[in-house]
Structures are given as C-alpha cells and as structure tokens.
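Chemist: Shown below is the structure under consideration.
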C-alpha cells in the first residue's frame, strides 16, 4: 500500500470481540508495523500469553489472556444463576484470569502479538500444538485451491488425526494431483508433523456470518460428538450436510 497507493498509510490489525465490545490489541501510530503482528495491547488491557501451567511466555504460542479486569469486561450472563456459565466460559482455564480463547504469540523484541486462531480449534497432533492458520497460509497458495478447512478428528483417549478438507477448481486440476501438490507445499513450507492424515474434497467450506471458518462444529460432527447448530450464526447452514453425512 505504501509503495503503490500512498506513503505513510497506517496498516493496522486488531484483536477484539463482540462480547467485550472492544479490542484487546490494536494499532499504535507511534510504533512501527511488523508483518503478521498486531502492534501492541490497547490501553486498559493487561494482555499476556500463558503456557499450559499459566506462566507468561514470549516467542512461543500459548493462550491469549488478560490478567486484570478491564473497563468493558462483561460481569455476568443473563439467566445464569450463580454465574456458573460465565465462570466456565472465561475463568475455568486459569482461575481468576480472563482466557479469551485465542492462540497467540508475543514477540519479545517488538511487543507485537500474533494471533494464530482459536485455541479451542488449535490442533494437538502427537503432543504438538498446531494452529490452523499455519496450514491455511500454505494450502491457500497452492494453485487450484479455492478454500480449505483443517480440523482434528477425535477418537477419544487422546487419539486424534488431522483432516484437511479442500474445495478446488474442478475444471482446472484433478483432485489426486492437487493433493500431491498440497502435500509438497506443506512439507516445503512447514514440516512433516503438519501433514494431515487425510485430505478430502469438500464441495464448499462453511463460514459464520462474521466470516469465520466453522472449525469447532465440524470437528464435533466428524468426531461423532454431541453438537448443536445455531442456524442464524451461519452463512449457509446447508453446507454442513456434507460433513454430517461423511463417513470416515
């Protein structure tokens, strides 16, 4: 943008949510912009990145948390006696610490924040946590790919496998050839541990009305776990039919 449109244009990303009516992190015009990073946490937001035992970490991925109350923090849910659902939603992972549910990294040198996706959709493959955006960033560059969705199929007792669903340009490439190119791209751009166990053709990829891929629900569906569908939150609920009827 600075090269082809106009110099000095602020290029800013944010991290927020509708439930807090605000942003945890955003832009700061006094700081430089680094590729892939949100510049800094917003005023009033004591944001940190926690590891599994609740220790603040830098330069590696962990849970996106806010360790102190903030001005727009919801204080209760309606129709939630004893605040049971409220506490379970935000404070069950680390007692007394707001856990927002994003998978993040904080750069120790720049202070910038990288959001890799929802932590509840982050895949744990043989003990290694993999953010779905890592897969998408590589797969989306493969010619012929229209869109993709990556989730883990959970068989219980820690037994999971990674499944990649791909919609593609059927008139341009055969699926078998596309799969080979995807595998090659993942090996070159990531590693063998990022390789899905299954790569399957999907007619389309389901999204919410806010533009987010429906990862968690699809994981529950293909894992044969209990689930419910909020039709009003989906762009096209009929796109789930493929996953509901899938036998893998």
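Chemist: Outside the structural domain of residue 39 (by the TED database) and without any contact (Cβ under 8 Å) to a residue 24 or more places away in the chain: does that describe residue 140?
Modeler: Here the answer is yes, as residue 140 does meet what is asked.
Chemist: Collect the residues in region 14-28 that are buried (at least 17 other Cβ atoms within 10 Å of the Cβ) and over 24 Å from residue 110 (Cα atoms), keeping them in residue-number order.
Modeler: 20
Chemist: Residues being touching a residue at least 12 places away in the same chain (Cβ under 8 Å) and assigned to a loop (DSSP other than H, G, I, E, B): count how many of those fall in region 1-16.
Modeler: Residues in region 1-16 being touching a residue at least 12 places away in the same chain (Cβ under 8 Å) and assigned to a loop (DSSP other than H, G, I, E, B): 5 in total.
Chemist: Same structure again: Could you figure out which of (1) surrounded by 11 or more Cβ atoms within 10 Å (Cβ to Cβ); (2) modelled with pLDDT under 90; (3) not in a strand (DSSP E or B) isn't true of residue 32?
Modeler: Only one criterion is unmet by residue 32, namely (1).
Chemist: Also, I was wondering about something else. Go through (1) closer than 30 Å to residue 73 by Cα; (2) at pLDDT 85 or above; (3) in a loop (DSSP other than H, G, I, E, B) and name the single condition residue 141 misses.
Modeler: Looking at each condition in turn, residue 141 falls short on (1).
Chemist: Residues in region 17-26: is at least one in the same structural domain as residue 112 (by the TED database), over 24 Å from residue 210 (Cβ atoms), touching a residue at least 40 places away in the same chain (Cβ under 8 Å) and in contact with a strand residue (DSSP E or B) (Cβ under 6 Å, 6 or more places away or on another chain)?
Modeler: No, that holds for no residue.
Chemist: Further, regarding this structure: Any idea which of (1) over 22 Å from residue 118 (Cα atoms); (2) within 24 Å of the chain's Cα centre (by Cα); (3) surrounded by 11 or more Cβ atoms within 10 Å (Cβ to Cβ) is the one residue 11 doesn't satisfy?
Modeler: Of (1) over 22 Å from residue 118 (Cα atoms); (2) within 24 Å of the chain's Cα centre (by Cα); (3) surrounded by 11 or more Cβ atoms within 10 Å (Cβ to Cβ), only one is false for residue 11: (3).
Chemist: Report the residue count in region 58-86 for those that are closer than 13 Å to residue 104 by Cβ and either surrounded by fewer than 16 Cβ atoms within 10 Å (Cβ to Cβ) or touching a residue at least 40 places away in the same chain (Cβ under 8 Å) (or both).
Modeler: Residues meeting the conditions: 8.
The values are calculated or read from the model by the stated rules, or taken from the named source; none is laboratory data. Keep in mind the model is a prediction, meaning the values are calculated, not measured. Please note: Cβ atoms are built from the backbone with ideal geometry, for glycine as well, and neighbour counts cover all protein chains shown.
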